[in-house]
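Please read the structure below before turning to the comments.
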Amino acid sequence: MKQKTNTRFLPKGLTILHEDRDILVVDKPAGLLTIATDSEKSKTAYASLMDYVKKGSDRSKNRIFIVHRLDRDTSGVLVFAKTEVAKQTLQENWDKTKKVYIAVTHGIWKLKQSSIQSYLTESKAHRVYSVDDPKLGKFSETKYKVLKESNLYSLLEIDLITGRKNQIRVHFAEKGHPIVGDTKYGNETKSFPRMALHSYSITLTHPFQKKPLTFMTNIPNFITGLVGGYERIQDET
């Protein structure tokens, strides 16, 4: 049963897409962390949603649990669980969950539709990169399709097969097509208001109702504006 949203405890720009007794799905704005870091403890989607489910009462036993994460500068669909069991169920089936992203990358792709596969690992400096040895990294796969091109940029639809940290950003950068606005893996000389990466939709099996659910968001104007606009047709996904 879908619950009524009380927006009082939500930060500006964070929108609830769906809520029931087991899951909470939101549209996260760019610039908001999913969870706390060493430098930022309180201004996160997790902290705000914890306040939301507790309705401002420290004595409330209501909680939310992290299922997956979006980078600070990535916007779009983000799923939380409201029980430990729901969290475990969703995570156990996460690689079977369909995750569609939209991104704008630098340059024109030679292959307009393909799959990128590699083994990803992370350095001590928290930089993710591909390695050849399967024993040293986790298998990662990113499928993409070019939707529109301009002279400088390409608008892509991405089917995220696995969900490793910074996976899309690393795969595209290593192919010579970093995401626009990605200051970590790209080589930006121009300042952009945000990174052009958006979690467009997630289709999952509800942990207890066992029925498929799809959650979808609007693509930010900044992203489509980089290629002169784009009208998305629903059946493309």
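Candidates Tyr185, Tyr153: the one that is within 23 Å of Ala125 (Cβ to Cβ), modelled with pLDDT of 90 or more and surrounded by fewer than 23 Cβ atoms within 10 Å (Cβ to Cβ) is Tyr185. In the stretch 219-237, the residues that are part of a loop (DSSP other than H, G, I, E, B) and among the polar types (S, T, N, Q) reach residues that are surrounded by 12 or more Cβ atoms within 10 Å (Cβ to Cβ) and at pLDDT 85 or above with C-beta atoms within less than 8 angstrom, at least six apart or across chains, in these pairs: Thr237/Val100; Thr237/Glu157; Thr237/Tyr200; Thr237/Ser201.
Take the stretch 1-31 and flag every residue that is in contact with a strand residue (DSSP E or B) (Cβ under 7 Å, 6 or more places away or on another chain), of a type in the set (S, T, N, Q) and at pLDDT below 70. Gln3, Thr5 - these are the residues of the stretch 1-31 that are in contact with a strand residue (DSSP E or B) (Cβ under 7 Å, 6 or more places away or on another chain), of a type in the set (S, T, N, Q) and at pLDDT below 70.
For Lys135, the conditions (1) surrounded by fewer than 17 Cβ atoms within 10 Å (Cβ to Cβ); (2) part of a loop (DSSP other than H, G, I, E, B); (3) modelled with pLDDT of 95 or more; (4) not polar (S, T, N, Q) all hold with the exception of (3). For the structure I just gave you, tell me whether His106 is surrounded by fewer than 23 Cβ atoms within 10 Å (Cβ to Cβ) and more than 25 Å from Thr205 (Cα to Cα). Yes: the conditions hold for His106.
Looking across the stretch 75-109, just one residue is of a type in the set (Val, Ile, Thr), within 17 Å of His177 (Cβ to Cβ) and not in a strand (DSSP E or B), and that is Ile108. Suppose the filter is modelled with pLDDT under 95, of a type in the set (S, T, N, Q), surrounded by fewer than 21 Cβ atoms within 10 Å (Cβ to Cβ) and over 28 Å from Thr121 (Cα atoms); does Thr162 pass it? Criteria not met by Thr162. Of all residues in the stretch 64-96, those satisfying the criterion of being loosely packed, with under 15 Cβ neighbours inside 10 Å and either without any contact (Cβ under 8 Å) to a residue 40 or more places away in the chain or of a type outside the set (A, V, I, L, M, F, W, C) (or both) are Glu84, Gln88, Glu92, Asn93, Asp95, Lys96. Looking only at residues of the stretch 193-208 that are outside any strand (DSSP E or B), more than 17 Å from the chain's Cα centre (by Cα) and touching a residue at least 60 places away in the same chain (Cβ under 8 Å), we find that the one that is farthest from Thr183 (Cα to Cα) is Phe208.
The values are calculated or read from the model by the stated rules, or taken from the named source; none is laboratory data. All figures in this text were calculated on a predicted structure; none of them were measured in a lab. For neighbour counting, all protein chains shown are included, and Cβ atoms are generated from backbone atoms with ideal geometry for every residue, glycine included.
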